[in-house]
1. So if we plug the beta-carbon distance of Leu38 and Trp117 into 1/(1 + (r/R0)^6) with R0 = 25 Å, what FRET efficiency do we get, rounded to 0.05?
2. Just how large is the dipole of segment 1-147 about the Cα centre, in debye to the nearest 20, putting +1 at every Lys and Arg Cβ and -1 at every Asp and Glu Cβ?
3. Sum -39500 (n - 2.57) across every DSSP H segment of at least 4 residues in the chain, then divide by the residue count to get the 222 nm mean residue ellipticity, nearest 500.
4. What whole-number value in Å² describes the accessible area per residue of the chain for a 1.4 Å probe?
5. Can you figure out the FRET efficiency of Ile47 with Ala157, using R₀ = 35 Å and their beta-carbon distance, to the nearest 0.05?
6. Apply the Kirkwood formula to the chain: the hydrodynamic radius equals the inverse of the mean of 1/r over all pairs of different alpha-carbon atoms; give it in Å with one decimal.
7. On the protein heavy atoms, probe 1.4 angstrom, tell me the percent of accessible surface of the chain carried by carbon and sulfur.
8. How many angstrom lie between the Cα centre of segment 91-113 and the Cα centre of segment 1-73?
Amino acid sequence: MSAIVWYLDRGAALVTYPTLYLAVLTGIIYNIESFGVLHEAARRVHIELSVFAMLVTLLHSGLGVIDAWFVVTGRVPAPACSMPYFLGGVAVGAGALLMLVVAVLGFTDAKRFQRPWGPRVVHSFAYAGFAFGTIHAAAIGTDLTGLVRPLLGPSVAFLVYVLLLRLLVIRRLPSDTTPG
């Protein structure tokens, strides 16, 4: 039973991270018309992709709790890392889940939040949730150990680049509307 849980948990994780990545990427581009065709594509897929990402995140979280319980109770061999490190990685994953759930609430239940913590600000917690998820994946994602340097780092750097590009475009938009 524990092996099945482990495989399902890792499989869910391997689907969760790329879908969260794409949800964040499309979310960055979603409201910026200057991105042209990328903006249009993001508008078409962001919400559905984000819903799917949250569903597989919840699946991974549930399976991860069961898997972590098996590790803590000694039903399965301990991972190669120390138990405090493992539990820290689990806690970071729980933090990622909390941030993502709050971000979703900022979108689905906007009336719950008031200034200065309006729905848009709260929805931006998704960035923090993704960052926590990235740390969680790099720390205890045994399937990603060999991929951290060649894939995880550059892909996160690309997201930061697109986010900075978005911020640059947002700062320049008001000046572009002046006549002349």
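1. On the way: r = 29 Å, r/R0 = 1.16.
In this case the efficiency is close to 0.30.
2. Working: 8 positive and 7 negative charges, 71 e Å.
Approximately 340 debye in magnitude.
3. Details: 6 runs with 135 residues, N = 180.
The helix contribution divided over the chain gives -26000 deg cm²/dmol.
4. Values: 11170 Å² over 180 residues.
On a per-residue basis, the chain sits at 62 Å².
5. Details: r = 26 Å, r/R0 = 0.74.
According to the calculation, E is roughly 0.85.
6. Values: mean 1/r = 0.0563 Å⁻¹.
When all Cα pairs of the chain are included, the Kirkwood radius is 17.7 Å.
7. Working: 7960 of 11170 Å².
Ligands and nucleic acids excluded, carbon and sulfur give 71 percent.
8. So the separation of the two Cα centres works out to 14 Å.
The values are calculated or read from the model by the stated rules, or taken from the named source; none is laboratory data. Since the structure is predicted, the reported quantities are computational estimates derived from the model, not experimental observations. Cβ atoms come from the backbone with ideal geometry, glycine included; neighbour counts cover every protein chain shown. Remember, those area values only see protein heavy atoms, side chains included, never the ligands or the DNA or RNA. Shrake-Rupley method; radii C 1.70, N 1.55, O 1.52, S 1.80 Å.
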